[in-house]
Amino acid sequence: DAVHGSTLDIDTVRDLIESLAGMTIDETAEIPSLDPGRARVIFAGAVICEQAMVRCGLDAVTVSERDLLDGLAAAALAGS
């Protein structure tokens, strides 16, 4: 509940990238709120998120714990 629906601004994403860039995979895996299985990909994911925000001209995004399929289904229902 603390994550889903929250707002993530680009400055926070950039701060996260800077922090993760200086960490080893083992250090990243020890982040309490992170699934250790995502330690190898979280840095790249943060960079992709930041670049997507830049390219789309977004200062912030709404975080969702649901996947793309949920969003597509909601969009399809809204268009009906």
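The values are calculated or read from the model by the stated rules, or taken from the named source; none is laboratory data. All of these numbers come straight from a predicted model, not from anything done at the bench. All Cβ positions, even for glycine, are placed from backbone atoms using ideal geometry, and neighbour counts span all protein chains on display. Please note that ligands, DNA and RNA were not included when accessible areas were found on the heavy atoms of the full protein model with its side chains. Shrake-Rupley method; radii C 1.70, N 1.55, O 1.52, S 1.80 Å.
Residues that are modelled with pLDDT under 80 and either surrounded by fewer than 10 Cβ atoms within 10 Å (Cβ to Cβ) or closer than 13 Å to His4 by Cα (or both) within the stretch 61-78 comprise Arg66, Asp67, Leu68, listed in sequence order.
Condition check ((1) assigned to a helix (DSSP H, G or I); (2) within 22 Å of Asp9 (Cβ to Cβ); (3) touching a residue at least 40 places away in the same chain (Cβ under 8 Å); (4) among the charged types (D, E, K, R)) across all residues:
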{"position": "Val54", "(1), (2), (3), (4)": "yes, yes, yes, no"}
{"position": "Leu58", "(1), (2), (3), (4)": "no, yes, yes, no"}
{"position": "Ser64", "(1), (2), (3), (4)": "no, yes, yes, no"}
{"position": "Leu69", "(1), (2), (3), (4)": "yes, no, no, no"}
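Of all residues in the stretch 14-60 being open to solvent by 50 Å² or more (accessible area, probe 1.4 Å) and acidic (Asp, Glu), which is farthest from Val3 (Cα to Cα)? Here the residue is Asp26. Within the stretch 1-41, being at pLDDT 95 or above, within 24 Å of Arg55 (Cβ to Cβ) and part of a loop (DSSP other than H, G, I, E, B) holds for one residue alone: Val41.
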